Structure formats: C-alpha cells, structure tokens
Amino acid sequence: MQGLRDRAIATGYGLGWRLVCRLPETWAANIFQFFADVAWRREGPKVRVLETNLVRVLGLEVDGKKLRATSRESMRSYARYWLEVFRLPVMPVQRLVDGMRTEGPFDEAFATLAAGRGIVFALPHMGNWDQAGAWMVAQHAATVTTVAERLKPESVYAKFLAFREGLGMEVLPDSGGARPFGILAQRLRAGGIVVLPADRDMTGSGQEVDFFGEKTKMMAGSALLAVRTGAALMPVVLWFEGSGWGVRIGSEIPVPPVGTRKEQMATMMQEVARFFEDGIRQHPADWHMLQPVFLADLDPERQEAARARAALNGQGSGEELT
C-alpha cells in the first residue's frame, strides 16, 4: 500500500512539473489560486493552524474578518510559491534579476564575501526562497549551499534535488548520508554562502526564543555555524511584490564577546527572531507557516518524543540545520 502511495505521489509531482511548465502562466496561476481558495474555504486543519499562527502576528484583538482575509491571501501566496517552484526551470533569468527588489545592507554583504569571509543567511518560511537563491546565483555569480528535508518517496526528493541544483545551488540532505554541518562549515571557511531556514524547530531540541510575545523554538544551526567558522550571520525576509519579489537582509548579527557557546547562540537567535518578526508583520500573508510553531500549540508528548529522537541521533548540539 505504501509503495502504491509513493508511486502516486511521485507521478503527481512529475505531471505537475511537466504540465505547469507547458501551460500559459496566467492559466496556471488561475488554477493554483482556485485550489488555494478551495482549501481556504474548507478551513481544514492546515488552514486552522495557519490562522492560529497569524493571530499572533496580527494581534489577539484582530477581528475574524481581517483574520480570514489574511489567511486567504496567505493560502494564495503559498500556492504561488508552488506555482513558481514548478515554473522556475523555464523562467527567464533576466526576469529573476529584474523582478527582485532589494532592501538592506547588500553592499555590506558583498564586501564581506569579497574579503573572503562566508555568510550564513537565516530565513523564515516566507516568500520564495528558491527564487531568491536562483537570483543570487544569477545576479552575483555566488555559490549557494543549503540543506533540504529528505522528502518521501525518494523519487520526489530526487526531483527537488535536481530542480534546486539546476538553479545553481548545492543541496545537502538533512538525513540519510553524511551530517551536513561539517560540509557547510567547509563552504563558509572557503568564503561561500549558506542559506538555512530557521523559524521552525524540526527536532525538538532547537533554541527557545521570544517570538510575537510568546515562546517558540528555532533551529540554531545558522548561529552555531557563525560561532564556529567566523562567518557572518545575516537574517533575511522574503515576500511577493506584484508579479515580482522582495528581499530584505539585516546587518550582521555579531557573536557576543562573552558567555558560553550556548549563551552566545541564544542571544544571536533572539536577534534573528526579532528581525523575522518585523518582516512577517509587514508581510503577514507571505509567511507560509501551516504547522504549529508556538510552544503553547505543540503537543508536549510529541515534543518529548522529538527530543528523545534527537538525543538518540546524537543531536542537541545545535548542529540540526533544517
């Protein structure tokens, strides 16, 4: 039964990639928006979780009408992300470059790279980071390395791996092979760029931070890499802007001069969380968080099971990266 299910999923992704690339873009966009609206109207578990997260962003006093309107736009934004994932292989490079609006100290970032020092970009699940990675490669001839969740079935993971490598990125699996931390450290010491999602703890052993007035856990691998390699840690937020995209980077978050490594990482990840907060507040519909992230929403037994798995796998040191 599982084999049949895996084959069906793999076939669906394959057909999606071929069909969406061949359809006129406006047709494909209308189809994706239609299904996003259907999912939104049904108010299934994912939409309810999304709205629970958005309440923290919009404020506990937000009225139901505004919350529903924002969640609808968020579902459409999420659908657009998937549409662009399927269409990026056929998207002209010049459109990637011309369609991006940048904010923040990019000169500082490129000066850092020019000096031979690596950068860790920490980002939330927001906008289209695949497009941003392709833009970075195309516009600045940069080498971008990241870590991706090893999806099942394996054939689907292979498609996403080929897709991202086709955009010019180096992609390391988060499991099923050599632990990626050491490879990422090598890339940074060689002056490369590492991009890591950080706003959702996948292991149960992430760094606890204050986020929209509540507690959550974030992946601390980006901070640990900066501490260990001397690379610059810079937070990033992404959003959709008309038919294009927006990206804002923050200034380098320095390693605190005092404190244990754990304390240094905690301070740095709190700064990352604050930067994410500001960007998500400005573009709440582009935060694609359809999973519980706030500790108050997480099942304690599942958290404990995740911590136990992390301990069994020798994790908990901050080397968990996705």
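The values are calculated or read from the model by the stated rules, or taken from the named source; none is laboratory data. It should be emphasised that the depicted structure is a prediction, and the values quoted were computed from it without experimental measurement. FYI the Cβ positions are ideal-geometry reconstructions off the backbone, even for glycines, and counts take in every protein chain you see.
Listing for the model above:
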item: Failed condition for residue 93, given (1) without any contact (Cβ under 8 Å) to a residue 60 or more places away in the chain; (2) out of contact with any Asp or Glu (no Cβ under 8 Å at 6 or more places or on another chain); (3) surrounded by 16 or more Cβ atoms within 10 Å (Cβ to Cβ); result: (3)
item: Residues located in segment 45-62, provided they are of a type in the set (D, E, K, R) and modelled with pLDDT of 95 or more; result: 46, 48, 51, 56
item: Test: residue in segment 282-305 that is surrounded by fewer than 14 Cβ atoms within 10 Å (Cβ to Cβ), modelled with pLDDT of 95 or more and within 29 Å of residue 72 (Cα to Cα); result: yes
item: Residues being farther than 18 Å from residue 85 by Cα, in a loop (DSSP other than H, G, I, E, B) and out of contact with any Ser or Thr (no Cβ under 7 Å at 6 or more places or on another chain) - total across segment 97-134; result: 4
item: Whichever residue in segment 186-215 is of a type in the set (Gly, Ala, Ser) and closer than 20 Å to residue 290 by Cβ and, among such residues, is surrounded by the most Cβ atoms within 10 Å (Cβ to Cβ); result: 198
item: Segment 193-218, subset β-branched (Val, Ile, Thr) and within 17 Å of the chain's Cα centre (by Cα), residue nearest to residue 52 (Cα to Cα); result: 216
item: Sole exception among (1) crowded, with 20+ Cβ neighbours inside 10 Å; (2) more than 22 Å from residue 69 (Cβ to Cβ); (3) at pLDDT 95 or above for residue 267, by number; result: (1)
item: Conditions (1) at pLDDT 75 or above; (2) out of contact with any strand residue (DSSP E or B) (no Cβ under 6 Å at 6 or more places or on another chain); (3) more than 30 Å from residue 60 (Cβ to Cβ): number failed by residue 177; result: (1)
item: Candidates 120, 156, 144 - the one that is at pLDDT below 85 and hydrophobic (A, V, I, L, M, F, W, C); result: 156
item: Residue within segment 267-288 that is in contact with a Ser or Thr (Cβ under 8 Å, 6 or more places away or on another chain) and part of a strand (DSSP E or B) present; result: yes
item: Criterion violated by residue 82 - all others in (1) surrounded by fewer than 17 Cβ atoms within 10 Å (Cβ to Cβ); (2) among the hydrophobic types (A, V, I, L, M, F, W, C); (3) under 30 Å from residue 216 (Cβ atoms); (4) at pLDDT 95 or above satisfied; result: (4)
